[in-house]
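See structure below.
The values are calculated or read from the model by the stated rules, or taken from the named source; none is laboratory data. Everything quoted here is computed from the prediction, not taken from an experiment. Here the Cβ is made from the backbone with ideal geometry for all residues, glycine too, and neighbour counts use every protein chain on show. With ligands, DNA and RNA removed, areas are computed over all heavy atoms of the protein, side chains included. Shrake-Rupley method; radii C 1.70, N 1.55, O 1.52, S 1.80 Å.
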Amino acid sequence: MYKRQLEYLGIAIGELATHSTFEETVYLLWNGRLPTRGELAEFEGKIRANYDLPPRIAELLAVMPKEAQPAHAIRTLISAMGLIDPKPNSTDLASIREKATRLLGVAPTLLAAFDRHRKGKALVAPNKTLSLAENFLYMLNGERPTPTMAKALDVCLVLHTDHGLNNSTFTARVIISTMSDIYSAITGAIGSLRGPLHGGANEGVMVMLGEIPSVGAAKGYVEEKLARKDKIMGFGHRVYKSYDPRATHLKVLAKQLAEDTGNISLYEKSSAIEEAMATAVAAKGIYPNVDFYSATTYHCIGLPLDLFTPMFVVGRIGGWSAHIIEQLSD
Ligand code: ACO
């Protein structure tokens, strides 16, 4: 097996995950270089200014069916942001950057607010002194997360924010290339990402881990599925025919969090699945992808299962917007 390196603008994602933040990474993607301290503070300020739930969107949220799936809810709410924009169709670069910043800042609020709405809990107003990752967990749970959990979510967002011309990014590019609008492009991209063969696979992985009763049962489970020609979620990639570099980092994070939160059996089951897959299908170039260890990571952070894919959406808005900016620049 040969190793692949994933870089954002020439910087290895491992470097960014360790030394940068999600906000700094998005700045890099939108501007082609890392920010100075001052530029980062200014960018964070602009994102945080958009944390609030717009009143008209709050009215819509209040009448949304509580049984709706969060992936459908965030797609609808992002689309609805276009209804309250007085100039939703502007595609000049200054407007696009402003709208992208608005969507980036408000997306965690939309998701946390929907989760609390469906559970019949009072909404938690955002705290603008917190980073995007920390503020999301604060709004979701009503209490500030530990620094370890906030950092873990931040790392997940960094690792998920961009990945070349994948299916959902392609969707966003196709939509904006008609000189349509950013709301349509991001809404379409969410629809693409939600599919179980793309970003929806992280939920499939968690379902699979739940179906496997013990570490010892993992091998038989995998063999049975492969014999039926079923896909094992969280494995395989259209581009990588080797280990997904994002999975390398998430595996380390998942192990640490699983140990810290008493979920080590999830990590051990995952390792056993990986071992069984290595024997069975590695010859075809099928290895863990980004979704495989992100399932255990998200579970340990305390996210409900059906928030896994919408969480991916929140991070990927940074990458989709970078591609939209690039598409419109040319
Ligand atoms: N489990 C078992 N076998 C697999 C898997 C898997 N996850 N993925 C591919 N294969 C097998 C196929 O059955 C096929 O076998 P065959 O040659 O005997 O018919 C061979 O590997 C090639 O499969 P393709 O579907 O042609 O591979 P492709 O590169 O087109 O598909 C995809 C990539 C869609 C990601 C596929 O690997 C898959 O469905 N994986 C499971 C879903 C998943 O984890 N998706 C997340 C991807 S990462 C992301 O989008 C963020």
Taking Cα atoms only, helix 264-281 is inclined relative to the longest principal axis of the chain by an angle, in degrees rounded to 10, of 70
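Within the chain, what's the longest run with no trypsin sites (Lys or Arg not before Pro) in a DSSP loop and at most 16 other beta-carbon atoms within 10 Å? Give the range, please.
Working: sites that count: 3, 4, 33, 66, 119, 121, 128, 228, 229, 231, 238, 241.
Of all site-free stretches, the longest is 129-227.
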Return the long-range amide H neighbours of residue 235 (sequence gap of 5 or more, or a different chain), with a cut-off of under 5 Å between placed amide H atoms.
289
Got a number for carbon plus sulfur as a percent of the stretch 37-122's accessible area, 1.4 Å probe?
54
Summing -39500 (n - 2.57) over every DSSP H run of at least 4 in the chain, dividing by its residue total and rounding to the nearest 500, the 222 nm mean residue ellipticity is -20000 deg cm²/dmol
Got a number for the accessible area of residue 279? Probe 1.4 Å, square angstrom, nearest 10.
120
Can you give the angle from 0 to 90° between the axis of helix 93-118 and the longest principal axis of the chain, with both taken from C-alpha atoms, to the nearest 10?
60
Classify the chain as rounded, prolate or oblate from the Cα gyration tensor: take a ≥ b ≥ c as the square roots of its eigenvalues, call it rounded if a/c is under 1.5, otherwise prolate when a/b beats b/c and oblate if not.
prolate
Karplus couplings for the stretch 51-61 from phi (6.51 cos²θ - 1.76 cosθ + 1.60, θ = phi - 60°), rounded to Hz, Gly and Pro as x?
5, 5, 7, x, x, 5, 6, 4, 5, 5, 4
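Using a ≥ b ≥ c from the Cα gyration tensor of the stretch 197-286 (square roots of the eigenvalues), is it rounded, prolate or oblate, where a/c under 1.5 gives rounded and otherwise the larger of a/b and b/c decides, a/b for prolate? Each step should come with its number before you reach the end.
Values: a/c = 1.65, a/b = 1.18, b/c = 1.40.
The shape class here is oblate.
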Percent relative contact order for the chain, counting Cα pairs under 8 Å at least six residues apart, stands at 24
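Quick check: at a probe of 1.4 Å, how many percent of the accessible area of the stretch 137-271 sits on carbon and sulfur atoms?
Working: 3360 of 5910 Å².
Carbon and sulfur together cover 57 percent of it.
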Enter the angle in degrees (range 0 to 90, nearest 10) between the Cα long axis of helix 132-141 and the first principal axis of the Cα atoms of the chain, meaning the one along which they spread out most.
80
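For the cross-link pairs 119/231; 119/225; 87/121; 225/269, which exceed 24 Å when the distance is taken from alpha carbon to alpha carbon?
119/231; 119/225; 87/121
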For residue 60 paired with residue 34, estimate the spin-label separation in nm (one decimal), with each label point 7 Å from Cα along the Cα-to-Cβ line.
3.8
Quote the convex hull volume per residue of the stretch 229-328, based on C-alpha atoms, as a whole number of Å³.
122
Taking the chain as a Gaussian network, Cα atoms linked when under 10 Å apart, which of 109, 297, 36 shows the biggest mean-square fluctuation?
36
On average, how much accessible surface per residue is there in the chain, in Å², for a 1.4 Å probe, leaving out ligands, DNA and RNA?
43
DSSP loop (so not H, G, I, E, B), at most 16 other Cβ within 10 Å: list which GluC sites (Glu not before Pro) in the stretch 87-187 pass both filters.
143
How far apart, in nanometres, would the label points at residue 239 and residue 178 be if each is projected 7 angstrom from Cα along the Cα-to-Cβ direction?
2.6
Taking the stretch 93-174 and dividing mean pair separation by its residue count, relative contact order in percent (alpha carbons under 8 Å, at least six apart):
20
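Given contacts defined as C-alpha pairs under 8 Å and at least six residues apart, what's the relative contact order of the stretch 218-328, whole-number percent? If you can, show how the numbers build up before the last one.
Numbers: 102 pairs, mean separation 38.8, N = 111.
Relative contact order of the stretch 218-328: 35 percent.
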Using the Kirkwood radius built from alpha carbon pairs, what does the Stokes-Einstein equation give as D for the stretch 94-202 at 20 °C and 1.002 mPa s, in µm² per second?
139
